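Taken together, the values in this text are just the output of simple stated rules run on the coordinates, not laboratory data. Quick caveat: nothing in here was measured; it's all calculated off a predicted structure. Cβ coordinates were reconstructed from backbone atoms using ideal geometry, including for glycine residues, and neighbour counts include every protein chain displayed.
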Amino acid sequence: MELTNLHALSAIEAARLIRQGTISSEQYVGACLARVRETDARIEAWAFLDPDHALAQARAADQYRLSGQPIGPLHGIPVGIKDIIDTADMPTENGSPLHAGRTPSRDAAVVTLLRCAGAVIMGKTVTTEFACGAAGKTRNPHDAAYSPGGSSSGSAAAVAAGMVPLALGSQTGGSTVRPASYCGVYGLKPTRGLIPRHGMSRVAQTLDTVGLFARTLDDVALLLETCVAYDEGEFESSPRAQTAYGTIAADDPPIPPMLGFVKTPHWNRLTDDAKDAFAELVERLGDRVEEVELSSAVEQAWEWHAIIMESEVAVNLSREWDKGRARLSERLRGRIERGRTHPAARYLEALAQIPRLNDGFTELFEQKYDALLTPAATGVAPSGLESTGDPVFCSLWTLCGVPALSVPLMSGANGLPLGAQLVASRHNDGRLLRTARWLVDTLRRA
C-alpha cells in the first residue's frame, strides 16, 4: 500500500488496515507524528506530547497483534486526550499553572476504556484554564489568526489538522460543539451519564460531559461505542444494553427524518452570514424541516445554566481559590466570585428545572421530530485568541443533558467553517448519528 498521507486515514480505515497487517500501528502513529511536526508549530494543539512514548505504545500494539490474541476496535489508533482527563503515564495539568507538573496515579475511566480497546494515547491536548477560564495557546488550523474555540481547543484543532483521527474533549457549556464548528469537524456531546467521568477534572458535576471529536460520522460512532460504560458512582449513569452505534448510524432511516428548526431566543446574536447560511440550509431541506417555537418556559434556561455552573465551579475550585486565586485568570475569578454569592434556594430551583425541561423536549420529539436543527455557534471563529467564542447556542442542550452534534456543513463569508447543530432526546445518540448521516447525504445529493 502507498504509505503517503497515512495521517489522513479515518480511524475505521486505519484500524482495518492494522488488523489486516497492511500497515502497522507504528507506521500510522509515525505518520500522525510527522503531521504534528509539520503543522503544530503554527497550531499548538498539544499540552504534552512525547513522540517516543507514543511510538513505544504503537510498537507494543503491533507485537500484541502478532501474538494472535484478540484485539480491540481501536487497536493501534492514536487518540488525543483533553488535558483535564487523567492519564497515569503523562501529566494532567488542567490548563493551569497551579497544577503544573501534576501527574495522576491512575487513568480516568474513559482512558482505561480506550486502552482496553487498543488505542494509543497520543498525548494531552490544550484546554482553557480548568476548562472554564482563560484561553490557551491553540490557534485555528484553518487560519492561525482565529480562535479554535474552547474549552476543548486542542482536541478540535488536532483532529481538524490531521494530527490524530480521534480526540476526547468535554462540555460544560459549549466546549465540544462550538470548537468542532469553528474547526470544521464532527463534535458530539453525548447524553450526559453515558460516558463515565471518573478521573476527569470536575468543572460543574451537574453539567460536565465527555465530548468526542472526529472527522467522519463513522469514527464518531466508533469512539462512542468504545467509551460508553456504566459507572455506579455517576448520578445519571444507569446499566444499559450494549448499543451498536456504528450499525445504527450506518442504517437508512425507515422514513425520511423530520427536523425542527429552532432559533432559540438568542437568534439575534447570530452573525448575518450565519443567518444567511441557515436560511439556505432550511430552503434546501424543503418539507423535511419546519421552524419550531420553544415555549416561554425555556427563556430562563440560560440563567439556570449559569447559576448551576458558577455555583459548582466555586465549590470545585475552592482549594485553588483559597491557595492561589492571584494566579487564576480574571475571567475565572469572576465566575468563582459569582458562584460564591448564589443563594442555595436559587441553585436548587435551577436544578429542579432540568427534568421539567426534558419532559417538554421528550414530548416534542415523540410527537414529530427526529432531531432539532439549531446553530452550533453564533458564527465562524472569532479573530484572535482572547475569546473562545459564545456558547449561547449550546447551553440549553448542555443543561438538559441531551445529545448534541456539530455537523460541518457550511462556511461563513470569510470561508471559515460553520457547523450546524443537531439535537436529539436523551439516550437517542444512535438515532442522532443516523439523522446526521441522512442530512449530510441529502445535502450532498441536492
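Sparse packing (at most 11 other Cβ atoms within 10 Å of the Cβ) combined with a DSSP loop state is found for the following GluC sites (Glu not before Pro) in region 178-249: E232. Remark: the chain carries a charge dipole of roughly 680 debye about the Cα centre, counting +1 on each Lys and Arg Cβ and -1 on each Asp and Glu Cβ. A simple charge model with +1 on the Cβ of Lys and Arg, -1 on the Cβ of Asp and Glu and nothing else charged puts the dipole of region 141-247 at about 200 debye relative to its Cα centre.
Loop-located trypsin sites (Lys or Arg not before Pro) across region 292-379 with a Cβ neighbour count of 14 or fewer within 10 Å are R340, K368, with loop assigned by DSSP.
Given the C-alpha centroids of region 96-155 and region 394-413, what is the distance between them in whole angstrom? Centre-to-centre distance over Cα atoms comes out at 20 Å.
Footprinting exposure proxy ranking of T172, T388, fewest other C-beta atoms within 10 angstrom first, gives T388, T172. For D107, the residues whose amide H sits under 5 Å from its own are A88, ignoring neighbours fewer than 5 places away on the same chain, with H placed 1.01 Å from N. Our summary gives the chain a relative contact order of 17 percent, counting only alpha carbon pairs under 8 angstrom and 6 or more residues apart. Taken as Cα centroids, region 1-54 and region 202-228 sit 21 Å apart, rounded to the nearest whole angstrom. Each Cα pair under 8 Å and six or more residues apart adds its separation to the average, and for region 1-128 the resulting relative contact order is 29 percent.
The DSSP beta bridges internal to the chain are antiparallel in roughly 65% of cases. Residues whose amide H lies under 5 Å from that of Y146, counting only those 5 or more places away or on a different chain, are N140, G384; hydrogens are built 1.01 Å from N in the peptide plane.
Residues whose amide H falls under 5 Å from that of V289, counting only those 5 or more places apart or on a different chain, are L259, with hydrogens built in the peptide plane. Structural descriptor for region 159-267: relative contact order 26 percent, calculated from alpha carbon pairs under 8 angstrom and at least 6 residues apart. Among T138, T206, A221, whose Cα lies farthest out toward the positive end of the dipole of the chain, if unit charges sit on the beta carbon of Lys, Arg (+1) and Asp, Glu (-1)? Positive-end residue among those listed: T138. The chymotrypsin sites (Phe, Trp or Tyr not before Pro) found in region 118-220 include none that occupy coil by DSSP while having at most 13 further C-beta atoms within 10 Å.
Count the net charge of all other residues whose Cβ sits under 13 Å from the Cβ of V380, scoring Lys and Arg as +1 and Asp and Glu as -1. Around V380, the surrounding residues sum to -3.
For region 349-362, the Karplus equation 6.51 cos²θ - 1.76 cosθ + 1.60, evaluated at θ = phi - 60°, returns couplings of 5, 4, 4, 5, 7, 4, x, 5, 4, 5, 4, x, 6, 4 Hz by residue, with Gly and Pro reported as x. For region 303-318, backbone phi angles converted through the Karplus equation (6.51, -1.76, 1.60; θ = phi - 60°) give residue-by-residue couplings of 5, 4, 4, 5, 4, 5, 4, 5, 5, 6, 4, 4, 6, 5, 10, 5 Hz, Gly and Pro being listed as x.
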